[in-house]
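K.L.:
Mind looking over this structure? Questions follow.
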Amino acid sequence: MKYYLIEGKFKTFSFSLYDDENKDLKAEFDAFIQAGMDRGDFLMFGDKAHGLLGFARGGHLDDVLSEFESDPLTLADVVEYRIVEIEDAVISKHPEKFLEE
C-alpha cells in the first residue's frame, strides 16, 4: 500500500465551498470524501487557504488519480489537484496519539 498527500487548489481566488451557491457542491464533495473514508482509502481532509489538503492511500498513484478524476470538484472544474506519493512511509504504531485533541 502507498500513501499520498492530496493538495487541491481552487482555480479562482474568490471560489469558496461555503458560499450559498455552492452548498450542493459542498454536500456532494463531503459525500465523496466520506465514501473514501468509509472504504478506508482517505484518512483526513480539511480546508487550506484557497483549497484543501488530505491524506489518502492506494495501490498505485494511478488509482488515486482516477479516484479524483470523478470527484465533484473536478467535475465542476473548480479545483486542480496535486498528488504526491509519500515514499518509504513509516507508520506510527500509535496513530490514536496523533489524533488526540
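K.L.:
Is region 12-29 home to any residue that is modelled with pLDDT of 95 or more and in contact with a strand residue (DSSP E or B) (Cβ under 7 Å, 6 or more places away or on another chain)?
P.N.:
No, region 12-29 contains no residue that is modelled with pLDDT of 95 or more and in contact with a strand residue (DSSP E or B) (Cβ under 7 Å, 6 or more places away or on another chain).
K.L.:
Considering only region 39-46, I want to know if a residue exists there that is in contact (Cβ under 8 Å) with a residue 60 or more places away in the chain and on the phi > 0 side of the Ramachandran plot. Step through it out loud before you land on a result.
P.N.:
Initial filter on region 39-46 (in contact (Cβ under 8 Å) with a residue 60 or more places away in the chain): none.
Checked region 39-46: no residue is in contact (Cβ under 8 Å) with a residue 60 or more places away in the chain and on the phi > 0 side of the Ramachandran plot.
K.L.:
Pick out the one residue from Phe55, Phe29 that is among the aromatic types (Phe, Trp, Tyr) and more than 9 Å from the chain's Cα centre (by Cα). Don't jump to the end; show me each part of the working.
P.N.:
Values: Phe55 fails: more than 9 Å from the chain's Cα centre (by Cα).
Checking each option against the conditions leaves just Phe29.
The values are calculated or read from the model by the stated rules, or taken from the named source; none is laboratory data. In this text the structure is predicted, and so the values were computed from the model without any measurement. Methodologically, a virtual Cβ is constructed for each residue, glycine included, from the backbone with ideal geometry; neighbour enumeration extends over all protein chains shown.
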